[in-house]
1. Which value, in debye to the nearest 20, describes the size of the charge dipole of segment 1-160 about its Cα centre when Lys and Arg Cβ atoms bear +1, Asp and Glu Cβ atoms bear -1, and nothing else is charged?
2. Per Stokes-Einstein, at 10 °C and 1.306 mPa s, what whole-number D in µm² s⁻¹ belongs to segment 224-371, with the Kirkwood radius over Cα pairs as the hydrodynamic radius?
3. What does the charge dipole of the chain about its Cα centre add up to, to the nearest 20 debye, if the Cβ of each Lys and Arg holds +1 and the Cβ of each Asp and Glu holds -1?
4. Just in segment 582-616: which GluC sites (Glu not before Pro) are loop by DSSP and have at most 14 other Cβ atoms within 10 Å?
5. One-quarter of the Cα convex hull surface for segment 527-642, in nm²?
6. Test of understanding: ordering M411, M106 by Cβ neighbours within 10 Å, fewest first, what list do you get?
7. List every residue whose amide H lies under 5 Å from the amide H of A588, counting only residues 5 or more places away in sequence or on a different chain, with H placed 1.01 Å from N in the peptide plane.
8. Which of the helices in the chain meet the span-like rule: DSSP H, Cα axial reach of 15 Å or more, Kyte-Doolittle mean at least -0.5?
Amino acid sequence: MSVQTNFGPVDNQKSKESLLRTLPYSSVQITDGFWASYQLINRVASLLHGFSMLEKAGNLKNLRIAAGIGTGEFAGYRFADSDVYKWLEAVAWELGRVPDGELAAMGDQAIALVEQAQEANGYLNSYYQVVKPDERWTDLDHGHELYCAGHLIQAAVAYKRALDDERLLDVSLKFVAHIDDVLVRSGREETCGHPEIEMGLVELYRLTGDERHLELAQIFIDRRGYNKMRGHAGYGAVYQQDHVPVREAVEVAGHAVRQLYLTTGVTDLYMERGEKALIQAMDRLWADMTQHKLYVTGGLGSRFDGEAFGGSYELPSDTGYCETCAAIASLMWNWRLLLITGDRRYADLFERTLFNAVLSSPGVEGKSYLYVNPLHVRSGRYVRASANTGTGEARLRPAWHNCACCPPNVMRLLSSLSHYMATANESGVQIHQYATAQFDVVVQGEPVQIAMESEYPWQGQITLTVNATPSSSWALSLRLPAWCRRHDLRLNGGTIDYQPGDNGYLTIERSWQVDDVVRLDLHMEPLFVAPHPRIDALRGCVSLQRGPLVYCFESHDQPDDVDLLDVAVVTSGALTETAVSVPNDSVAIQVTGQMLSPTWGEALYLPLDERPQTEARPVQLNAIPYFLWGNRGMKSMRIWVPSK
Ligand SMILES: [Zn+2]
């Protein structure tokens, strides 16, 4: 077996602060099942769709104009180039997984445009090149020039690691040298209004070994937090996390994607330099986020206004923003915190966020995406105005968005998903996410091969077969999800000696033999979930969960005379699982419910003693996995329902 050295999105082999080490990119292959079908749709539908949308929306044309080989008007936002870079990153990880001539040719076209658009001095941003050539680097608060550079770097890292292709890396190195000259060595002191380049620069350092790239990441992080930024549309410095130096921050605040890209970059910097004040701040922010500002789906950002985090317990279901990019940023942050600590809670939140807040974005056909992911939609009301949403209850997810940050973010996550499933270190292999997959890992210098099979997330049985192992002992660690109340673990059909660790993993350490079979059974009974009593928007309500999946009630699945605005669920009633196609095959849950007769009248408020008696009649309500809502036309949907 050859020693693999090309890693995925994060390479922490040399990080000072990491308990777990990421695996070479080709070490994990998702071979079948739930995630394999998502990766296939991403490949045969989404990535091709993305290329045509980048053409149609003008992103590629912008680069042609900047390169001097196209004509016309610049189209879209100032950060239009970043959509191209995220799509390119997705293409690289996909081609690294499975070669494809057509996709490779599309990637080559886009790379050629990026190369041609770059100026001799290294500058590259089609908006400023085409629209405001004299105003480069004059508006770092809103210009997004470093934000776009960060996405360029991530695409370059992906092409280098997945394909050993250095074209975008050459572009990136020239651009970073230019950025260094203009914004750092010149004596200027600003940083970008949208964090992103920080994590890009740390990863570039991990790839090149050039300390200057790490130093630049630290410089841009250290410059933030001194109330110099204006914020967008009057939101103030907090919108861009410039209200407090990151080492002093005590809460997640402002624009959610900006906040979470920043925390991811800061966590990367901690991993490399080990400065305790940074991880202490990250621990405070993570606690604030998960104890006060997290939706049950893993969604983040409760305000449309400013696309922002709200206050503690401000978690409305209907106007919740939950941008797809914020959820993906949360995955990236939690992945790094997991690498540092090995603590289950980060992998648990990764799983919750992935299956719910992220997976609700793409339509099942892979050519449409939600930008915001609310937990309650009233009939006919769509969740974010976009250029092409259509009207009425037949609305589907938009094929693209005028601000198209989310779709290519989903694409790059899905194509690189195998990166996030497992890690290794001196003691053995740790499996964090369950799927049908093949692991080819090196432990103590020797090859370890494991085949994992699972019907996850529909069933909780996971079977692992050891196909190659050294003779010395090593430890296999399996995450026991916090949602799981009952589990069985067996080795070769018999009882087994294992340690349920403080970190939330079940660890089996032994001298493994080829053909050893471990079977972990995570029992997945559906259950009701109650909200913290301080969340006013949810008081008196419950939601449904089965395994890692949050469920919702969609109007398509209810009796015709049931309005989801007037229902309650009876929590003492039975929860029955059934098979359903919505439109993909899925597990639905039948719940005993009540339809409350609308006797209230037109007044919104009445004296308490004039409140009419509500009549209730029994109905059966049907819940489906939240991530599948909206694939049959967007009518009504809700996750939280009053309980009886
Ligand atoms: Zn987005």
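Read-outs throughout are calculated quantities, based only on the coordinates presented, and are distinct from any laboratory measurement. Computed from a prediction, not measured in an experiment: that's the story for all the values here. Cβ atoms come from the backbone with ideal geometry, glycine included; neighbour counts cover every protein chain shown.
1. Numbers: 13 positive and 19 negative charges, 71 e Å.
Roughly 340 debye, rounded to the nearest 20.
2. Numbers: Rh = 15.5 Å.
Rounded to a whole number, D works out at 103 µm²/s.
3. The dipole magnitude comes to about 580 debye.
4. Loop-located and lightly packed - E602, E615.
5. Orientation-averaged projected area of the Cα hull: 8.4 nm².
6. Details: M411 26, M106 21.
Sorted ascending by nearby Cβ count, the order is M106, M411.
7. Counting only residues 5 or more places away or on other chains, the set is T578, A579, V580.
8. Flagged H segments are 80-97, 101-117, 145-163, 167-179, 197-208, 211-222, 256-273, 276-292, 324-341.
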